[in-house]
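Comments concern the structure below.
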Amino acid sequence: MAVVELANPSRFLALAERLLPWLAGAALIGFAAGLLLVHGAPDDYQQGATVKIMFIHVPAAWLGMAGWGLMSVAALGTLVWRHPLADVAAKAAAPIGAAFTFLCLVTGSLWGRPMWGTYWVWDARLTSVLVLFLMYLGVMALWRTVEDPSRAARAAAVLALVGAINLPIIKFSVDWWNTLHQPASVVRLAGPAIHPSILLPLMVMAFAFLLLFAALHVAAMRNEILRRRVRALMLMQAQAAPGSRP
Amino acid sequence: MSPLVALFVRDVRLAVRVGGGGGIGVLFFLIVVTLTPFAIGPDLALLGRIGPAILWLGALLASLLTLDRLLAADHEDGSLDLILMAETPLELAVAAKALAHWMTTGLPLVAATPLLGLFLNLDAAASAAVALTLLAGTPALTFIGLIGAALSVALRRGGLLLAVLVLPLTVPVLIFGVAASNAAIVGPLPFGTPFTILCALTLTSLVVGTFAAAAALRHGME
């Protein structure tokens, strides 16, 4: 099945129904494997067991940023290629990305209290991620305020593309500024700076989170398509009601 | 007179005659600066330290509140449809409108800064520094706000949504504007570093804001 055939919402719904149990199951297995590896991972010599917050904090951060990246690609799909399901993908991704960004901020804050002595600091990394979270809330508000879904889709697409400038700022904030947040340890030119005994559980947890994102996203896209069908049916019913036409 | 110049002159004339622009923006700026000592307390030393930040926040909020006048009024009386259908490229048209908006709203804020600096215990050099950074930064606020105005142009209750969309994008302008002001007042950073970044942000927003607003208008109007 080519990607272009998925533009048909009914075909996508059929695929989603088949795919969703597998994605959910795979995510469960991924988390089971990941948590097992996390349990077996060594404690940090300085931070002790607290370092294991990283196995939730870092994947949540990656997925929060990936969510906005997905919205930007979907925005191109809406504005440039007029793909019928691109805006459904964007609308479905926004709350999930916002939730992961929020999880990243909260776990980071809880990690910062014992490690840095503070729940929050206004350094470049934390500030730019907070701005990302606010932009997520803004785009969700925009979706809900414009009533016509296709007009809302185009407006949200423009906003997603404008906000995409924040993603490289977040990524390179720890290099460009003096931050309390540590510099890049995994995605660097020189390769990961983490020992494999901690890198492997991190990657497995990241993959499990990715499967969770995919499952939630497919389910949310299915729900959005069904929601639009309900709206269309309600509109048709209102038009067919006696006395509604002059 | 070319259509672009005519559009620019029209906007300036409307802003000056109809009001809701420069005058009330400066008045709001004044009120915000006046409210701050009530909230913080009259400690002059503290006010002097955070003076540039208060002035920048006041200018940001004053710019924000006048933004819905930029496009919504034209949408209501149908002029926006005419602008969209005209031969003049939409990007140039919105840029001309934004420029007129900045001249009638942003420039008065810059002009009011030295007086308001007095209320916040800023000496002449400090007020001048803040005014210079505002002069470089208020166009960025207008053009970034243009994006939000274009996105929310057809909404009836779009006012707060406009603020929610625009404010996260103006955070870098605010950061570097205040950094440049503080660099000029107390150092130790050289003034040039944050100031040139502020100018770069303004120039970038001139381009990004124009194109994003034109795209939003084109796709958003039925």
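Each reported figure results from applying straightforward, stated rules to the coordinates on display, with no laboratory input. Given the structure is predicted, the values throughout are model-derived calculations rather than measurements. Note: ideal-geometry Cβ built from the backbone for every residue, glycine included; neighbour counts use all protein chains shown.
The table below lists the values:
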{"item": "Degrees, to the nearest 10: B:124-151 long Cα axis against longest axis of chain B", "result": "30 degrees"}
{"item": "Charge dipole of the protein assembly as shown about the Cα centre (unit charges at C-beta), most positive-ward option of A:ILE198, B:ALA216, A:LEU212", "result": "A:LEU212"}
{"item": "Degrees between helix A:54-79 axis and first principal axis of chain A (Cα, 0 to 90, nearest 10)", "result": "30 degrees"}
{"item": "Low-density loop positions, GluC sites (Glu not before Pro), the stretch B:11-108 - DSSP coil, at most 10 other Cβ in 10 Å", "result": "B:GLU87"}
{"item": "Shielding score for A:123-130, defined as the mean number of other chain Cβ atoms within 10 Å", "result": "1"}
{"item": "Whole-Å semi-axes of chain A's equivalent ellipsoid (Cα gyration tensor)", "result": "38, 21, 16"}
{"item": "Size of electric dipole in the stretch A:1-107: Cβ of Lys, Arg +1 and of Asp, Glu -1, about Cα centre, debye, nearest 20", "result": "240 debye"}
{"item": "For residues of B:203-210, the mean tally of beta carbons on other chains within 10 Å", "result": "1"}
{"item": "Per-residue mean of C-beta atoms belonging to partner chains within 10 Å, peptide B:165-172", "result": "6"}
{"item": "Exposed chymotrypsin sites (Phe, Trp or Tyr not before Pro) absent - longest run of chain A, DSSP non-H/G/I/E/B, at most 14 other C-beta within 10 Å", "result": "A:178-246"}
{"item": "0 to 90° range, to nearest 10: angle between helix A:124-145 axis and chain A longest Cα axis", "result": "10 degrees"}
{"item": "Cα-projected label distance for A:ALA141 with A:LEU35, points at 7 Å along beta-carbon direction, nm", "result": "3.6 nm"}
{"item": "Contact order relative to length of chain A, as percent, for alpha carbon pairs under 8 angstrom and 6 or more apart", "result": "31 percent"}
{"item": "Relative contact order computed over chain B (Cα-Cα under 8 Å; 6+ residues apart), in percent", "result": "26 percent"}
{"item": "Neighbour cut-off at most 13 other Cβ (10 Å), DSSP loop, trypsin sites (Lys or Arg not before Pro), the stretch A:165-224", "result": "A:ARG188"}
{"item": "The stretch B:55-159: trypsin sites (Lys or Arg not before Pro) in DSSP loop, at most 12 other beta carbons within 10 Å", "result": "B:ARG156, B:ARG157"}
{"item": "CD proxy at 222 nm, helix term only [per DSSP H run n ≥ 4: -39500 (n - 2.57); per residue of chain A; nearest 500]", "result": "-26500 deg cm²/dmol"}
{"item": "Within the stretch B:3-220: Cβ-based charge dipole about Cα centre, in debye rounded to nearest 20 (Lys, Arg +1; Asp, Glu -1)", "result": "100 debye"}
{"item": "Simple Cβ-charge dipole of the protein assembly as shown, Lys/Arg +1 and Asp/Glu -1, about Cα centre, in debye nearest 20", "result": "860 debye"}
{"item": "Reachable aspartates and glutamates, given that their alpha-carbon falls under 14 Å from the alpha-carbon of A:LYS52 and they are not under 8 places away in the same chain", "result": "A:ASP43, A:ASP44"}
{"item": "Spin-label pair A:ALA232/A:SER185, simplified geometry with 7 Å Cα→Cβ offset, distance in nm", "result": "5.0 nm"}
{"item": "Of B:VAL166, B:LEU7, B:LEU146, farthest towards positive along the dipole that unit charges on Lys, Arg, Asp, Glu beta carbons give the stretch B:3-220", "result": "B:VAL166"}
{"item": "Extreme residue, positive dipole direction of the protein assembly as shown, given options B:ILE175, A:LEU180, B:ALA72 (C-beta unit charges)", "result": "B:ALA72"}
{"item": "Computed helical MRE - 222 nm, chain B, DSSP H runs ≥ 4 contributing -39500 (n - 2.57), nearest 500", "result": "-28000 deg cm²/dmol"}
